[in-house]
Amino acid sequence: MKNGFRIQKNDTDYGGSSMDHLEELEAEAIYIMREVAAECEKPVMLYSVGKDSSVMLHLALKAFYPEKPPFPFLHINTTWKFREMITFRDETAEKMGIEMLEYINEDGVREGINPFDHGAAYTDIMKTQALRQALDLYGFTAAFGGGRRDEEKSRAKERIFSFRDHNHAWDPKNQRPELWKLYNTQIHRGESIRVFPLSNWTEADIWQYIRRESIPIVSLYFAKERPVVIRDGNIILADDERMRLGPGEEIQMKKVRFRTLGCYPLTGGVESEADTLDAIVQETLAAVESERTSRIIDSDGGSASMEKRKREGYF
Amino acid sequence: MEKDLLKFITCGSVDDGKSTLIGHMLYDAKLIFADQRRAMELDSGKGSADGRLDYSLLLDGLMAEREQGITIDVAYRYFTTRRRNFIVADTPGHEEYTRNMAVGASFASLCVILVDASQGVLMQTKRHARICALMGIRHFVFAVNKMDLVNYNQKKFEKIRKDVRVLMAEADGVQVQLIPVSATEGDNITEKSVRMPWYGGPALLPYLETVETGEPCGGRGFSMAVQRVCRPNRLFRGFQGQPASGSLAVGDILTVLPGGQKAAVAEILNGDKSVERCEKGQAVTIRLATETDVSRGCVLGKDTTLKTGSMLAAYLLWMDDKNLVAGRNFRMKLGTQTVPATVMKIRHRVDVNTGAEVSAETIYKNEIAFCEISMGSRVVFDTFAESREHGSLILMDRLSNMTCACGVVEQEIVRENNLTWHEMDITRELRESQMGQKAFTVWMTGLSGAGKSTIANEVEKRLFAMGKHTMILDGDNVRMGLNKNLGFGEEDRIENIRRIAQVAKLMNDAGLIVLAASISPYRPDRRMAREIIGENFTEVYVSTPLAECERRDTKGLYKAARAGEIAEFTGISGVYEVPESPDIVIDTTGRSVEECAGLLLAGIEKYL
């Protein structure tokens, strides 16, 4: 060291790599998945049926090939998902030969918790609490999620390996340092880790990767004539007979698609002509609004609502 | 055309305007979504009196950050211009959160260090510059900010340029660029400012779009740390990992480190596709032509400068609230290897302000120190200058599990170089045949009072009756003699186990059967014992539960521990790491000594 500076080598010493941006992201995600499989006691991969989950599943199949992913997949079903999602989920699990667990908060179902009457409490009970119950039930010590840092501001602050205490709570002010590729997976009993292999991907990366790898995704992402209701400026799909209509609301046919998927009464579609992957990628690259605008639940409680829910154990 | 990716960080002292700079850059370059812009415009109205836009709100995402108006942790932002993809890590300026700044620095290839034009180069500016260099960044941009507050005065800028030149004078192989900017007013951010005609260089964003940074150092030859072994069936055994350097083709001969065995490459998979060759950075699976002993932590190499050893010297950035003193023991992760490690010696501390090497006995949070580290087993590594991946490490606290330091390897320390192993004529095999037995070690682990010594005693009596030559190494007894100078801190516990294992090994070499009874609470220590003793090793877990041990409390130790009279007593205030796959498990609850001895003897029958 000279004057407190470590002596460095020159650029010319280094060999280059021929990998492009998507290949680098893919390799990074696979490295993370393999680290978890090698070091964590009981991992699980959260599967939400959305496009990010489809990419995660695809990466997991690649990461461990020719072995099947050495962990099960877990879907937290709120019972209000789009019907197409459930069909797609079951077909995918069968086709890929993976173990797919489903968890429903039966207490919530018994009490008739629904997105129309219960607002924020619905998300808490059927998603956050259901997830906590499921993780406790199986005793998973590490759970993969498809979260990306470009989605939302508190996610942008989160580590790839994100620690949760025995109450599944996140402490954003005291995150473990995460240096280079040296992930520290040590935990005490009762604690767990959420792992986000897609942290460094953007929405555009996801779509370009889906197109390049021909990854199957739910048809809801493609524009099609669908029966919808306009509510507070959002386009809501009337997916089944449980859809309630307010005064003056009526079901109409519109050519729409969805940028994100969740519970159908809480997910806004966009009017679009994009019915091919190429068209979707074009539309994504030109988008002026972030994808989160189509998730109604995230806007409850202002800009910090995601952090609040994460502190309480939301993914 | 495929655009490349630049990962960079912003750092510098608190209130130098890092978040504002990036926020303004994204805003001016129209790189934010409409809803994010609306939210910022709305939130700015809430906070500031004069209704000006607060660009930092685009980045400071945590509630505590917005409340206190500071950055606590790294925020990652992703944006794309016509020329390049960018990931920027906006890091905190407070000294308190230096470790979060280091997190950002470890991932970046370029840093933008902000300097307040009205304040000049501060201690925190210097600290961040030194940490960036330590973490391997070679491209430095000093953005001299708040030029609007000094009336865009060239003299102020030149004064800072001089100070930066002095600061960076000793930093070899580093490229330095200074740019005068105003983050709030937007001068020299996305385009050149008309208010500083005296500045002839580029504005910040155009500079970032065109600067050539090269790639981080991967090292010479081909190298890959094995992450995991893939065994879908009896026929396939592949080693998975991400090569740190070089390229490899089917048919090439690899060396497996630390063992040194050589094997030819039979097959390479890139993801799920069979390929003829692979290279640095890809997620691959390698199958070897011959059955070779390879597990996680091994490194597959070809023509590398990799070293194998149990001691190295490294610069550490200390990040824990608990201070570092020589003798502290940790778990160390280097590549995919996790081993026990002890900081043997603090050679000196680096003064972040002056760069001077200062002698120090204690290292406090956020300080840089040059240390000697001894590892519990042989580790494959390289210097950080040769290889980023094989030359970087973290230290983890054994109790809190926190990552308490990160470090870069400066050199290997070779200790046993002037010693050579003498092969003697009377070998272990000869001694064994003369005694008419096979030498082996039974390693008994379990809580205090679990019954280890009692069982060992009974087993030895029976072996003696069978005409076998035996010896018991009892933990307590050894501590009264050979290990009298050792305490119960983690470092001493490791040394205690190491000596017992070495003695057991000597006795085995003398042809004796050894029964070692010791609490040996840590898995890595028991692994070390197994490695020292070698093949003929049987691990016996005396699994008597804590409640039962405490009820017996033959030595009165549990009572004393509960009363707080014994610090770090295994099971009470110290951890016991249960064996993952012991060869024999004996729970003494409700069993007679004879019964337990019978169980043990049945388990070692193959040696008798």
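The numbers here are math on the coordinates, done by the rules we state, and not lab data. Because the structure is predicted, anything quoted here is derived from the model rather than measured. With ideal geometry, Cβ positions are generated from the backbone for all residues, glycine too; neighbour counts draw on all protein chains shown.
A few remarks follow.
- Rotationally averaged projected area of chain A (alpha carbon convex hull; nm²): 19.6 nm²
- Ranking B:149, B:348, B:590 by Cα position along the charge dipole of the protein assembly as shown, where only Lys, Arg, Asp and Glu carry charges on their C-beta atoms, puts B:348 farthest toward the positive end.
- Taken about its Cα centre, the protein assembly as shown carries a charge dipole of about 1320 debye when Lys and Arg each add +1 at the Cβ and Asp and Glu each add -1 at the Cβ.
- When every Cα-Cα distance of region B:222-302 is counted in 5 angstrom steps from zero, the calculated P(r) takes the values 3, 18, 31, 32, 14, 2, 0 percent.
- Helix-only arithmetic for chain B: the sum of -39500 (n - 2.57) across DSSP H runs with n ≥ 4, divided by the residue total, places the mean residue ellipticity at 222 nm at -8000 deg cm²/dmol.
- Taking other C-beta atoms within 10 Å as the exposure proxy, B:113, A:217, B:426 rank B:426, A:217, B:113 from fewest upward.
- Gyration tensor (Cα) of region A:117-177, equivalent ellipsoid semi-axes in angstrom: 21, 17, 11
- Principal axis analysis of the Cα atoms in region B:430-607 yields extents of 52, 36, 29 Å, listed in decreasing size.
- Per residue of B:353-362, other chain Cβ atoms within 10 Å of the residue Cβ number 1 on average.
- Computed 3J(HN,Hα) for region B:176-187, one whole-Hz value per residue from the Karplus formula 6.51 cos²θ - 1.76 cosθ + 1.60 where θ = phi - 60°, is 10, 10, 10, 9, x, 9, 10, 5, 6, 8, x, 7, glycine and proline marked x.
- Shielding of A:64-77 by partner chains, average beta-carbon count, 10 Å: 3
- Residue with peak Gaussian network fluctuation, chain A [Cα springs, cutoff 10 Å], from A:25, A:137, A:277: A:137
- Quotient of the Cα radius of gyration of region B:366-502 and 2.2 N^0.38 Å, N being its number of residues: 1.48.
- Phi angles of region B:290-296 translate, via the Karplus equation with coefficients 6.51, -1.76, 1.60 and θ = phi - 60°, into HN-Hα couplings of 10, 4, 10, 7, 10, 9, 3 Hz per residue; Gly and Pro are given as x.
- Counting Cβ atoms of other protein chains within 10 Å of each residue's Cβ and taking the mean over peptide A:148-157 gives 6.
- R0 of 60 Å, Cβ-Cβ distance residue B:81-residue B:498: FRET efficiency to nearest 0.05: 0.60
- Viscosity 1.306 mPa s, temperature 10 °C, Stokes-Einstein D of region A:162-220 from Kirkwood C-alpha radius, µm²/s: 110 µm²/s
- In units of the rule-of-thumb radius 2.2 N^0.38 Å, chain B shows an alpha carbon radius of gyration of 1.19.
- Net charge dipole size for chain B [Lys, Arg +1 and Asp, Glu -1 on Cβ; Debye, nearest 20]: 420 debye
- Sorted largest first, the spans of the alpha carbon positions of region B:307-414 along the three principal axes are 33, 31, 21 Å.
- Ordering of B:92-99, B:20-27, A:184-191 by packing [mean C-beta count within 10 Å, highest first]: B:20-27, B:92-99, A:184-191
- Charged-residue dipole, Cβ positions (Lys, Arg, Asp, Glu), region B:222-302 about Cα centre, Debye nearest 20: 180 debye
- In summary, no helical segment of chain A meets the span-like criteria, namely a full DSSP H run, a Cα extent along the axis of 24 angstrom or more and a mean Kyte-Doolittle hydropathy of at least 1.0.
- As a length-normalised measure over Cα pairs under 8 Å and 6 or more apart, the relative contact order of region B:222-302 settles at 39 percent.
- Directionally averaged projected area (convex hull, Cα atoms, region B:112-151), nm²: 2.6 nm²
- Every Cα-Cα pair in region B:136-187 was counted, and those over 13 Å apart are 59% of them.
- The protein assembly as shown - convex hull of alpha carbons, volume per residue in Å³: 194 Å³
- Selected from B:387, B:230, A:88, residue furthest toward positive end of dipole (the protein assembly as shown; charges at beta carbon): B:387
- Pairs of Cα atoms farther than 22 Å apart, region A:31-179, %: 46 percent
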